Amino acid sequence: MVTLKILDVSFRYNSVSALENVTFNVDEGEVVSLLGPNGSGKTTLLRCMCRLLKPQYGAILLDEEDLSILKRSELAKLIGYVPQLEETKFPMTVFEMILLGRKPYIRLGPGRNDIIVVGKVMKELGIEDLAFRKVSELSGGEWRKAVIARALAQEPKILLLDEPTNHLDLKHQVEVLKLIRRLALERNVCIVMAMHDINLAVRFSDKVVMLNQGKIVFCGKPLALKPSIIEKVYDVKVDVLHDRKGLPIITVVE
């Protein structure tokens, strides 16, 4: 079984501590949500995991292999990263954008296998009809699926998503999160996503990691979340109820 390990990761922006001794595991097929207020370290942690930032301390291991020693081209075959915000400056079709995910495998030009992989990914995500649409013409939900498809075209073992439901309406939020959950199970990838909506996170995650001021306050199953933990992190009074399936529903107490 593939296991992603984050071990004692610490990071500072000059004199400001953003992460402090962050440690947790992600197993293949597992979806882990990073929760916490703005500035708690969620995005910084994702950026450390994909090596856009270099932790001052700690290590990130995949099957006991330290990812910091890998070449960028090798890392790109293991980790797919979907940032929160992204601007496309060049006019291109959805197919062309997803094909960019094959860059780690392409030498002189895209080959037959690259085209096949892109086609399979588009079919898997149900966006084949968007293939020749310009990315500038996509709706928010279509754009999110397209950038996730680009990451999947890398055939990664780890998928990192920063606010995958950002700027989406409720229907498309649920649609994207169902897709992420299905991809984790069908592709056996380790998925870590930063989330703001606690209720959506607990519904679609196997595990939640709550951060506050760069430190882990809680790490475990969503059912183990207690009001005292949430109140400590968000500084607001809450109740934790449960639906018919036993899943927690967090409500604010006025």
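The values are calculated or read from the model by the stated rules, or taken from the named source; none is laboratory data. Bear in mind that the values here come from a model prediction, so they are computed numbers and not experimental data. Ideal geometry is used to build each Cβ from the backbone, glycine not excepted, and the neighbour counts take in all protein chains shown.
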> Looking at (1) free of Cβ contacts under 8 Å to residues at least 12 places away in the same chain; (2) assigned to a strand (DSSP E or B), can you tell me which one R182 breaks?
Replying inline: (2)
> Would you pick out the residues in the range 31-52 that are within 16 Å of the chain's Cα centre (by Cα) and without any contact (Cβ under 8 Å) to a residue 60 or more places away in the chain?
Replying inline: R47, C48, R51, L52
>> Anything in the range 196-230 that is under 25 Å from H167 (Cβ atoms) and in a helix (DSSP H, G or I)? List them, or say none.
In response: I198, N199, L200, A201, V202, R203, F204, P222, I230
>> For the structure I just gave you, tell me whether E175 is buried (at least 16 other Cβ atoms within 10 Å of the Cβ), acidic (D, E), assigned by TED's automatic domain parsing to the domain that holds L62 and free of Cβ contacts under 8 Å to residues at least 40 places away in the same chain.
In response: yes
> Do any residues in the range 74-90 that are within 17 Å of L138 (Cβ to Cβ) have Cβ atoms under 9 Å from those of residues that are at pLDDT below 90 and small (G, A, S), where the two are at least six apart or on different chains, and which pairs are they?
Replying inline: T88/S136
>> Here is a list: R51, R12, R47. Which entry is among the basic types (K, R), assigned to a strand (DSSP E or B) and either touching a Phe, Trp or Tyr at 6+ places or on another chain (Cβ under 7 Å) or modelled with pLDDT of 90 or more (or both)?
In response: R12
> Does L241 meet the test of being outside any loop (DSSP other than H, G, I, E, B), closer than 27 Å to L160 by Cα, modelled with pLDDT under 95 and not β-branched (V, I, T)?
Replying inline: no
>> Just to be sure I understand, how many residues within the range 25-40 are touching a Lys or Arg at 6+ places or on another chain (Cβ under 8 Å) and part of a strand (DSSP E or B)?
In response: 7
> If we scan the range 67-85, do we find a residue that is outside the structural domain of R182 (by TED's automatic domain parsing), among the acidic types (D, E) and not in a strand (DSSP E or B)?
Replying inline: no
> Counting only residues that are within 19 Å of the chain's Cα centre (by Cα), surrounded by fewer than 18 Cβ atoms within 10 Å (Cβ to Cβ), farther than 17 Å from P55 by Cα and hydrophobic (A, V, I, L, M, F, W, C), how many does the range 1-30 have?
Replying inline: 1
> Taking into account only those residues within the range 119-157 that are in contact (Cβ under 8 Å) with a residue 40 or more places away in the chain and part of a loop (DSSP other than H, G, I, E, B), which is surrounded by the fewest Cβ atoms within 10 Å (Cβ to Cβ)?
Replying inline: R133
